[in-house]
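S.K.: For reference, the structure I am asking about is given below.
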Amino acid sequence: IALAGPLSNIILAAILSFTLRYFLLEMPILNILATSMITLNIALAIFNLLPVHPLDGSKILVGLLPDDLAYEFQAIFNRWGTAILLLMIFPIGPGGTSVISSIISPVISFFLNLFLP
């Protein structure tokens, strides 16, 4: 069930990508809207797959881990997951980039190169 959200984002991005490639080439406003929606859906899917407690990725990881590791992971991340996520979101360092941005930006770029014409 946890995979349903990110998977629906990716499916919607794929449908919009198909529509953009074959039907919206001559309509600039719809082209911009479809491109924005594809970017947003890919970013949401990748972000939601991070294995930090409030996100779906943690539930997927718990389902894949052996029982003893899953129990330990859940115990730690149920307690500290939100704090860890917030620390990862806030920009750190002189460049002002966040840890999450460093992790998911290359993955988002890869998928956008696949989905956008």
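The values are calculated or read from the model by the stated rules, or taken from the named source; none is laboratory data. Quick caveat, the model's predicted, so the values are computed rather than measured. Note that each Cβ is placed from the backbone with ideal geometry, even for glycine, and that neighbours are counted across all protein chains shown. Only protein heavy atoms, including side chains, enter the accessible area calculation; ligands, DNA and RNA are left aside. Shrake-Rupley method; radii C 1.70, N 1.55, O 1.52, S 1.80 Å.
S.K.: Somewhere in the stretch 53-63, is a residue open to solvent by 60 Å² or more (accessible area, probe 1.4 Å) and in a helix (DSSP H, G or I)?
M.R.: yes
S.K.: With the condition kept exactly as written, say whether any residue in the stretch 81-98 is under 22 Å from ILE15 (Cα atoms) and either part of a helix (DSSP H, G or I) or touching a Ser or Thr at 6+ places or on another chain (Cβ under 8 Å) (or both).
M.R.: Within the stretch 81-98, the subset under 22 Å from ILE15 (Cα atoms) is none.
No.
S.K.: Starting from residues that are closer than 20 Å to GLY57 by Cβ and not β-branched (Val, Ile, Thr), keep the ones in the stretch 15-42 and report whichever is surrounded by the fewest Cβ atoms within 10 Å (Cβ to Cβ).
M.R.: LEU40
S.K.: If you don't mind, there's one more thing I want to ask. Any idea which of ASN48, ASN113 is under 26 Å from ALA34 (Cα atoms), polar (S, T, N, Q) and touching a residue at least 40 places away in the same chain (Cβ under 8 Å)? Show your work before the answer.
M.R.: Working: ASN113 fails: touching a residue at least 40 places away in the same chain (Cβ under 8 Å).
That would be ASN48, the only listed residue that is under 26 Å from ALA34 (Cα atoms), polar (S, T, N, Q) and touching a residue at least 40 places away in the same chain (Cβ under 8 Å).
S.K.: Restricting attention to the stretch 61-71, does a residue exist that is closer than 30 Å to THR39 by Cβ and touching a strand residue (DSSP E or B) at 6+ places or on another chain (Cβ under 7 Å)?
M.R.: The initial filter retains those residues of the stretch 61-71 that are closer than 30 Å to THR39 by Cβ, namely 61-64.
The next check asks that each one be touching a strand residue (DSSP E or B) at 6+ places or on another chain (Cβ under 7 Å); those that pass are none.
No, the conditions are met nowhere in the stretch 61-71.
S.K.: Also, quick follow-up: So in the stretch 15-63, with the set limited to residues that are among the aliphatic types (A, V, I, L, M) and out of contact with any helix residue (DSSP H, G or I) (no Cβ under 8 Å at 6 or more places or on another chain), which one is modelled with the lowest pLDDT?
M.R.: Looking only at the stretch 15-63, we keep the residues that are among the aliphatic types (A, V, I, L, M), and these are 15-16, 20, 24-25, 27, 29-30, 32-34, 37-38, 40, 42-46, 49-50, 52, 55, 60-62.
Those left that are additionally out of contact with any helix residue (DSSP H, G or I) (no Cβ under 8 Å at 6 or more places or on another chain): 15, 27, 29-30, 32-33, 40, 60.
Numbers: ILE15: 95, MET27: 80, ILE29: 87, LEU30: 87, ILE32: 91, LEU33: 92, LEU40: 97, ILE60: 93.
In this case the residue turns out to be MET27.
S.K.: Those residues that are among the hydrophobic types (A, V, I, L, M, F, W, C), modelled with pLDDT of 90 or more and either under 15 Å from PHE115 (Cα atoms) or surrounded by fewer than 13 Cβ atoms within 10 Å (Cβ to Cβ) (or both), I need them from the stretch 1-14; list them, please.
M.R.: Once the filter is applied, which keeps residues that are among the hydrophobic types (A, V, I, L, M, F, W, C), modelled with pLDDT of 90 or more and either under 15 Å from PHE115 (Cα atoms) or surrounded by fewer than 13 Cβ atoms within 10 Å (Cβ to Cβ) (or both), the stretch 1-14 yields ALA4, LEU7, ILE10, ILE11, LEU12, ALA13, ALA14.
Residues checked against (1) of a type outside the set (Val, Ile, Thr); (2) touching a His at 6+ places or on another chain (Cβ under 7 Å); (3) over 21 Å from ILE1 (Cα atoms); (4) open to solvent by less than 60 Å² (accessible area, probe 1.4 Å):
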| residue | (1), (2), (3), (4) |
| --- | --- |
| LEU44 | yes, no, no, no |
| ASN48 | yes, no, no, yes |
| PRO51 | yes, no, no, yes |
| LEU65 | yes, no, no, yes |
| TYR71 | yes, no, no, no |
| GLN74 | yes, no, no, no |
| GLY81 | yes, yes, no, yes |
| LEU85 | yes, no, yes, yes |
| PRO91 | yes, no, yes, no |
